[in-house]
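None of the figures in this text is laboratory data; all of them are computed from the coordinates on show. Here the structure is a predicted model, which is why all the values come from computation and not from measurement. Cβ coordinates were reconstructed from backbone atoms using ideal geometry, including for glycine residues, and neighbour counts include every protein chain displayed.
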Amino acid sequence: MKLTPELIATFRRQGYVAVPGFFNAAETAALQADISRLKRNNFLRNVATDGDGKTTSGSKQNLQLCPANFYSTLIRSLPFAPKVIDAVTGLLGEEITLHLDQIFLKPGKTGMGTAWHQDNAYFKIPQPLRGTAMWIAIHDATIANGTMRVVPNAYNSLLPHERDGNSDHHIRCFPDESKADTVELKAGSVLFFCYGTPHCTGDNTTDTERAGLAYHFLCEDQTNEQFYTTERIGNPRPRLTGPKATGGFEEYGATIAGTWDGEVARANRQ
Ligand SMILES: O=C(O)CCC(=O)C(=O)O
């Protein structure tokens, strides 16, 4: 799916852009079924803590699996889908790499938000507009179930971050929340937000669970030697486009490009 020049201009201006209906009903159903499978098998971990950043909470749940591609050939194939590559190259440039993938699942009532942060506080790329998250709403994401909030036009300065006491590993910042936009999304819609954009999710106050599947992509010119050597251990970081891209063969030992439609069909047959 090529993003229109207007959507690309919006991303570059405000640091985020929502694309409704990016994934169709069959693709969305496949992702829902596969994430249910991962949850059923206890592959997601509760990272919520009771304020001290250490003690796992018995009452709140922020269930995370990072990276997820080792557990799901569907999730592994998605970033190689032509429409994903078209969209991300439109936003970032011609040579892109998948940096990371992860699931955040918020059970009904006990689901806890992820505190305000900028991804570049973790990733530290030189130009925060040359890396983007693609946050996929696996279920309808609403104010009541804690959808994403973002601060527009705030990506150029990195705010001070500190450890978040409500998570066993996250950090957080304190942006001016009065400037934030709340982005409600139907299942299958996506939100692209660059590495500099402050964002957070809220608690899930509804009875039903809500999940987000997040991929992070960056431009080759934001990487260095360590990114593809020592830092890549435990996370394959496939090159998706450019002269060194092999359709996933180099990183996974199998050609992943071209498998998305088959993976979707297979997940929907289960
Ligand atoms: O879904 C969430 O709770 C947080 C997602 C997030 O922070 C991200 O994708 O960078």
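Measuring between their Cα centroids, the range 1-61 and the range 64-92 lie 12 Å from each other. Take the chain and mark each of the GluC sites (Glu not before Pro) that is in a DSSP loop with at most 16 other Cβ atoms within 10 Å; the longest unmarked stretch, sites excluded, is 1-93. Taken one residue at a time, the phi angles of the range 224-232 give Karplus couplings (6.51, -1.76, 1.60, θ = phi - 60°) of 9, 3, 5, 4, 9, 10, 4, 6, 7 Hz. Gly and Pro are set to x. Taking other C-beta atoms within 10 angstrom as a stand-in for reagent exposure, Ser189, Ser178 fall in the order Ser178, Ser189, fewest first. Across the range 41-119, Cα pairs under 8 Å and at least six residues apart give a relative contact order of 33 percent. Loop sites here are trypsin sites (Lys or Arg not before Pro) outside DSSP states H, G, I, E and B with no more than 12 other Cβ atoms within 10 Å. The longest part of the chain free of them is 125-243. Amide hydrogen proximity for Gly15: with H placed 1.01 Å from N in the peptide plane, the residues at 5 or more positions away or on another chain lying under 5 Å are Asn153. Here is the tail figure for the chain: Cα pairs spaced more than 29 Å apart come to 27 percent of all pairs.
Taking 0.36 nm per residue of separation and subtracting the Cα-Cα distance, full extension of the segment from Arg40 to Glu162 would add 40.6 nm. For the range 93-103, backbone phi angles converted through the Karplus equation (6.51, -1.76, 1.60; θ = phi - 60°) give residue-by-residue couplings of x, 6, 10, 10, 10, 7, 8, 6, 9, 7, 10 Hz, Gly and Pro being listed as x. For the chain, the relative contact order comes to 30 percent (Cα pairs under 8 Å, sequence separation of at least 6).
Based on C-alpha pairs under 8 angstrom that are at least 6 apart in sequence, the range 98-178 has a relative contact order of 34 percent.
With a Cα cut-off of under 17 Å and a minimum spacing of 8 residues unless on different chains, the lysine pairs in the chain number 7.
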